[in-house]
Amino acid sequence: MTEWRTKMGRKPRSGPEFFWPGLLLLLPVAVLATLGAFSLRQDRLMLENEARERAGAFAQAQARRLWDRLSVPPGGGSSSPPEPTEGSAFRPPELRVSAAGELLFPPAWPPVPEPRVLDVTQLNAAQASLWARLEAAQAGLTAATHAEGDGRAFLATQPPVAFQAAAHLRLGRALAKTNPALAAREFQTVVAHFSELTGETGLPLLPLAQLGVIETMPSVAPTNGAIAFLALATQLASNAVVQPAVLSPWILSRLMEEETRRCGKAERVSFWQTAWAQAENHRRVFRSVSRAWSGVAATNGSHHGWPPVLWFRHAPGAASPPPGQWLVLARRRLEDQSTWYIYRDPAQWGALLRELISAEKALPHYWGVFYTVGGRTFTGGQSGRLNRDGDGAPAAAALPRDLLGTASLEAEPGLAPVVVSVALIDPAAFYARQRQRVFWFGALIAASAGVALLGVFTTRSALRRQRRLYQMQTDFVSSVTHELRAPIGAVRLLAENLKDGKVPAPAEQRRFHDYIVQECGRLAAMIENALNLARIEQGREEYRFEPADAAALVADTVRLLAPAAREKNATLRVAPPLVEAGDFTAVLDAAAIRRVLVNLIDNAIKHAPADTEVTVSLAFVDRAGGRALRFTVADRGPGIPKADHERIFERFYRRGSELRRETQGVGIGLSIVKHIVDAHQGVIRVESELGKGSRFVVELPASPAP
């Protein structure tokens with residue numbers, strides 16, 4: 001019989017014993033995870049190091065390319081000529097500046113000359129009279145025909161040198177239209193003897209006299225005359241460019257007119273006209289750079305020459321676009337501490353930057369290149385579109401923090417005007433493959449760890465089940481031993497008393513025989529339960545389903561167990577009376593269901609307090625699958641904790657300590673009941689609370705499926 005309310009022995013504990021085996025199972029996975037994490041970290045570091053090495057090499061190459069493009073003038077070459085010569089024009093982007101910030105090449109204009117009136121008091125009365133008549137003839141107040149005589153007479157008086165030079169020049173101008181040959185001799189006299197003097201206007205007399213010689217040359221001349229004209233015109237034009245003065249533009253313009261008039265086109269002079277225009281552009285750029293550097297120097301407190309690199313605003317001319325950002329860069333320092341500078345306009349800088357960007361095609365798309373020149377940073381092709389200012393120059397940008405490689409070239413020690421930086425502009429794309437490796441390796445580690453943990457928990461559960469089975473078997477042996485010892489001992493004692501004749505009265509002997517029969521029945525029932533459980537677990541139990549009267553089955557079982565209830569001073573009754581309940585025919589195995597009722601009622605009688613009743617009921621109920629036959633056995637015992645409502649149906653399970661049990665049984669009765677109910681496709685449940693009794697409910701289909 002089942003005794004699920006009896007105290008069980010101690011609960012098996014597998015935790016401490018399983019610690020070291022579980023640790024050994026998990027240790028390889030932990031080592032694998034640690035090595036995997038370290039390997040992934042090293043893989044990431046290796047990826048970053050390779051990227052930095054490649055980025056550094058590319059930045060170094062780009063910095064060298066940028067410096068070469070910036071420092072070499074458009075015409076090439078490593079140095080600038082000190083002055084332009086025929087066949088070699090000015091290099092447009094070059095300036096030579098002294099250490100003090102003064103323009104050396106192209107030569108700067110001298111200060112505006114101050115007029116210097118000749119002192120007439122140095123002349124005697126006759127000289128003064130002749131000089132006055134020369135001035136009147138030059139001013140057109142007197143006839144030009146008398147100018148030659150007056151001039152010759154004045155020069156014959158041996159006036160001061162300044163008056164002699166002025167007289168020859170005025171005499172040449174006065175005779176230029178009437179007698180060009182005589183005028184040319186006067187101009188040549190000034191060139192030959194008075195080339196170092198300046199006139200009353202403060203201008204040098206040499207270029208004026210040379211221009212006079214050229215203008216008085218015959219218009220139609222032999223070939224040698226044309227060659228002489230071109231040689232003299234070229235010399236005068238070159239002097240006007242190399243030694244700039246206030247008269248230089250006017251002289252060049254007059255020479256252009258003369259060459260065009262005489263030769264049909266101005267080839268020789270136009271070269272120097274272009275050189276002059278280029279020199280003027282240089283001087284305008286110089287003034288713009290000087291203004292920009294003055295502002296920077298005033299802020300920084302430095303006034304010693306130009307810096308190696310500087311950005312400045314410059315407008316080339318009135319018809320040009322608004323001033324843009326130009327760049328001036330120191331290219332070469334000379335022994336006299338002067339420096340050759342190259343400057344670039346916005347269009348040139350943009351073209352140079354696009355040329356550099358074309359070299360970025362071999363880079364990964366998640367890298368960006370940034371070019372820093374003179375403190376301004378520009379984006380490359382992949383780090384952003386080539387943004388442009390209104391003047392067409394690339395727009396400046398901020399340098400990012402995540403740099404992979406940087407390279408710089410110094411114009412001088414300690415100065416780095418050109419810097420190329422390679423930055424990581426798309427970290428997600430850069431680390432995509434590495435993240436994929438992390439994911440798959442992490443998934444592998446996680447799967448390995450999961451399998452290992454599953455193995456640990458499975459092994460631990462199997463170990464616990466084995467220990468619990470061992471404990472239940474031990475408890476079963478203990479219970480069976482105890483249950484067998486009591487009836488066997490009672491039977492042996494009763495039989496010995498009968499054998500020794502200690503019970504002479506026939507009535508007493510019959511009572512002893514009844515006890516012997518009762519104890520033998522207990523032994524038979526115990527053995528039958530054990531055999532039934534063995535057959536059920538081995539799958540050899542067979543059920544015979546056939547229509548049976550459930551009411552009669554309940555009545556017979558109650559009648560069979562009524563004596564056992566009286567022995568416990570308990571009342572066993574059926575409620576309501578079955579004779580009034582109607583037909584309870586159902587398809588079931590009557591013998592198996594009888595065992596179910598016997599086990600449930602026997603348990604209720606064992607745990608029912610004295611002078612209480614055990615109630616058995618029978619009814620048909622409606623369920624989702626159809627009608628069902630419901631058996632109910634209720635008692636008023638101590639109740640069952642909710643935590644044990646499921647465990648009481650396990651084999652060998654008995655609540656409490658096996659050595660202090662209060663009821664008979666070995667813990668297999670309710671297990672047999674559960675098997676039988678499951679075989680009938682039914683359900684069994686217990687409704688119980690501590691101190692409020694227990695109620696077992698069995699519901700069986702009225703017609704179970706085959």
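Tabulated data
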{"read-out": "Evaluation of residue 536 against (1) free of Cβ contacts under 8 Å to residues at least 40 places away in the same chain; (2) within 22 Å of residue 669 (Cα to Cα); (3) of a type outside the set (Ser, Thr, Tyr) (one fails), failing number", "value": "(1)"}
{"read-out": "Within the stretch 633-666, tally of residues that are in contact with a Ser or Thr (Cβ under 6 Å, 6 or more places away or on another chain), in a loop (DSSP other than H, G, I, E, B) and modelled with pLDDT under 70", "value": "6"}
{"read-out": "Any hit, the stretch 497-504, residues being open to solvent by less than 40 Å² (accessible area, probe 1.4 Å) and within 21 Å of residue 676 (Cβ to Cβ)", "value": "no"}
{"read-out": "Count - residues of the stretch 310-328 that are at pLDDT below 85 and either open to solvent by 40 Å² or more (accessible area, probe 1.4 Å) or under 19 Å from residue 417 (Cβ atoms) (or both)", "value": "9"}
{"read-out": "Criterion: crowded, with 16+ Cβ neighbours inside 10 Å and within 29 Å of residue 631 (Cα to Cα) - qualifying residue of 534, 550, 524", "value": "550"}
{"read-out": "Tally of residues being open to solvent by less than 70 Å² (accessible area, probe 1.4 Å) and either in contact with a helix residue (DSSP H, G or I) (Cβ under 6 Å, 6 or more places away or on another chain) or more than 30 Å from residue 334 (Cα to Cα) (or both) across the stretch 96-118", "value": "4"}
{"read-out": "Candidate set from the stretch 329-371 (those that are buried (at least 17 other Cβ atoms within 10 Å of the Cβ) and among the basic types (Lys, Arg)); member that is nearest to residue 101 (Cα to Cα)", "value": "331"}
{"read-out": "Test: residue in the stretch 461-481 that is within 22 Å of residue 676 (Cα to Cα), open to solvent by 70 Å² or more (accessible area, probe 1.4 Å) and either without any contact (Cβ under 8 Å) to a residue 24 or more places away in the chain or touching a Lys or Arg at 6+ places or on another chain (Cβ under 7 Å) (or both)", "value": "no"}
{"read-out": "Unique match (being among the small types (Gly, Ala, Ser), within 60 Å of the chain's Cα centre (by Cα) and at pLDDT below 85) among 128, 137, 89, 147", "value": "89"}
{"read-out": "Residues of the stretch 509-560 satisfying the condition of being within 24 Å of residue 583 (Cβ to Cβ) and modelled with pLDDT under 85", "value": "543, 560"}
{"read-out": "Unmet requirement for residue 283, which otherwise passes all of (1) surrounded by 14 or more Cβ atoms within 10 Å (Cβ to Cβ); (2) modelled with pLDDT under 85", "value": "(2)"}
{"read-out": "Residue in the stretch 30-43 that is over 20 Å from the mean Cα position of the chain (by Cα), modelled with pLDDT under 75 and surrounded by 15 or more Cβ atoms within 10 Å (Cβ to Cβ) present", "value": "no"}
{"read-out": "Residue tally, condition among the aromatic types (Phe, Trp, Tyr) and within 30 Å of residue 70 (Cα to Cα), over the stretch 91-135", "value": "2"}
{"read-out": "Sole residue being open to solvent by 20 Å² or more (accessible area, probe 1.4 Å), of a type in the set (A, V, I, L, M, F, W, C) and over 16 Å from residue 129 (Cβ atoms), chosen from 181, 165", "value": "181"}
{"read-out": "Which listed residue, of 285, 241, is in contact with a strand residue (DSSP E or B) (Cβ under 9 Å, 6 or more places away or on another chain), among the β-branched types (Val, Ile, Thr) and closer than 30 Å to residue 330 by Cβ", "value": "285"}
{"read-out": "Identity of the residue in the stretch 1-29, aromatic (Phe, Trp, Tyr) and surrounded by 11 or more Cβ atoms within 10 Å (Cβ to Cβ), that ends up modelled with the highest pLDDT", "value": "18"}
{"read-out": "Meets criteria (open to solvent by less than 40 Å² (accessible area, probe 1.4 Å), at pLDDT 85 or above, within 20 Å of residue 691 (Cα to Cα) and of a type in the set (Gly, Ala, Ser)) for residue 604", "value": "yes"}
{"read-out": "Residues (touching a residue at least 12 places away in the same chain (Cβ under 8 Å) and closer than 14 Å to residue 452 by Cα) located in the stretch 31-51", "value": "32, 33"}
{"read-out": "The stretch 407-427 - residue that is within 20 Å of residue 308 (Cα to Cα) and open to solvent by 60 Å² or more (accessible area, probe 1.4 Å) and, of those, modelled with the highest pLDDT", "value": "410"}
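The values are calculated or read from the model by the stated rules, or taken from the named source; none is laboratory data. Computed from a prediction, not measured in an experiment: that's the story for all the values here. Don't worry about glycine lacking a Cβ; one is built from the backbone with ideal geometry, like all the others, and counts go over all protein chains shown. Please note that ligands, DNA and RNA were not included when accessible areas were found on the heavy atoms of the full protein model with its side chains. Shrake-Rupley method; radii C 1.70, N 1.55, O 1.52, S 1.80 Å.
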